[in-house]
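The values are calculated or read from the model by the stated rules, or taken from the named source; none is laboratory data. Everything numeric in this text was worked out from a predicted model, so none of it was measured. Please note: Cβ atoms are built from the backbone with ideal geometry, for glycine as well, and neighbour counts cover all protein chains shown.
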Amino acid sequence: MNPFNRLLSISLLLIGQVFAVDASARDWIDAVSFTYGQDEDSNETDVYRLGLQNRWERTWFKGGAWYLGGYWDAELAYMESDLKNSDNNDILDISLTPVFRYQRDANLSSGVTPYAEAGVGPHLLSETRLGFQKYSTALQFGSLVGFGLGFGGNGQYEIAYRFQHISNSNIKKPNNGMNLHLLRLGYSFN
């Protein structure tokens, strides 16, 4: 079974488990997301991610129409380079990112909630080669900025654009990184 089919199987199994358990057992999972993206480099990389999110209880600057909050974003990704004749054309990536989100209060916005977000977190790659790109360490760090909209009766659906840079933050040379453009779809249980 190729890595993409493995990731798809694991993702479907995880999503099935999330929906199979009762609400009290999944209090720690507030939302799920699926992300597709591509690199802006010449490595011709496609990215597929499944994410589980846990919203923070704490918010800041609440009192007006906007507030600052955040969530933990745990993601499992499959990255595939379309380049031929390279050493390795696919890798798996697991990450955990604290994400700060500045958003409009859903109760004041008729079900449409615009937001902007940013975060930085560790990524662990299954291989240090992808296409013609070599990463000197399996441990990488991903920084992201994005914006999106929550919508639906309770704001349970989300669509967002993210720009993400992944590199090893100069832990070891060379520090080849990747820049990704990502489209993210999400569903919130709460």
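One table, with the values for the structure above:
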quantity	calculated
Residue within the range 8-30 that is within 23 Å of residue 125 (Cα to Cα), exposed (fewer than 13 other Cβ atoms within 10 Å of the Cβ), among the aliphatic types (A, V, I, L, M) and modelled with pLDDT under 90 present	yes
The one condition in (1) in contact with a His (Cβ under 6 Å, 6 or more places away or on another chain); (2) over 19 Å from residue 96 (Cα atoms) that residue 142 fails to fulfil	(2)
Filtered residue count, the range 131-150, keeping only those that are assigned to a strand (DSSP E or B) and more than 19 Å from the chain's Cα centre (by Cα)	3
Selected residue [closer than 24 Å to residue 157 by Cβ and surrounded by fewer than 14 Cβ atoms within 10 Å (Cβ to Cβ)] from 40, 75, 57	57
Test: residue in the range 51-66 that is small (Gly, Ala, Ser) and within 19 Å of residue 179 (Cβ to Cβ)	no
Count of the range 60-98 residues which are among the aromatic types (Phe, Trp, Tyr) and at positive phi	1
First in the range 117-136 and under 15 Å from residue 47 (Cα atoms), second anywhere and assigned to a strand (DSSP E or B) and hydroxyl-bearing (Ser, Thr, Tyr), Cβ under 6 Å, 6 or more apart	123/95; 130/81; 131/81
Candidate set from the range 139-159 (those that are over 30 Å from residue 91 (Cα atoms), surrounded by fewer than 18 Cβ atoms within 10 Å (Cβ to Cβ) and among the small types (Gly, Ala, Ser)); member that is modelled with the lowest pLDDT	153
Boolean, residue 57 is among the charged types (D, E, K, R) and either at positive phi or touching a strand residue (DSSP E or B) at 6+ places or on another chain (Cβ under 6 Å) (or both)	no
Residues of the range 90-121 satisfying the condition of being over 16 Å from residue 73 (Cβ atoms) and assigned to a strand (DSSP E or B)	90, 91, 92, 104, 113, 114
Number of positions in the range 162-190 that are over 14 Å from residue 79 (Cβ atoms), not in a loop (DSSP other than H, G, I, E, B) and not basic (Lys, Arg)	8
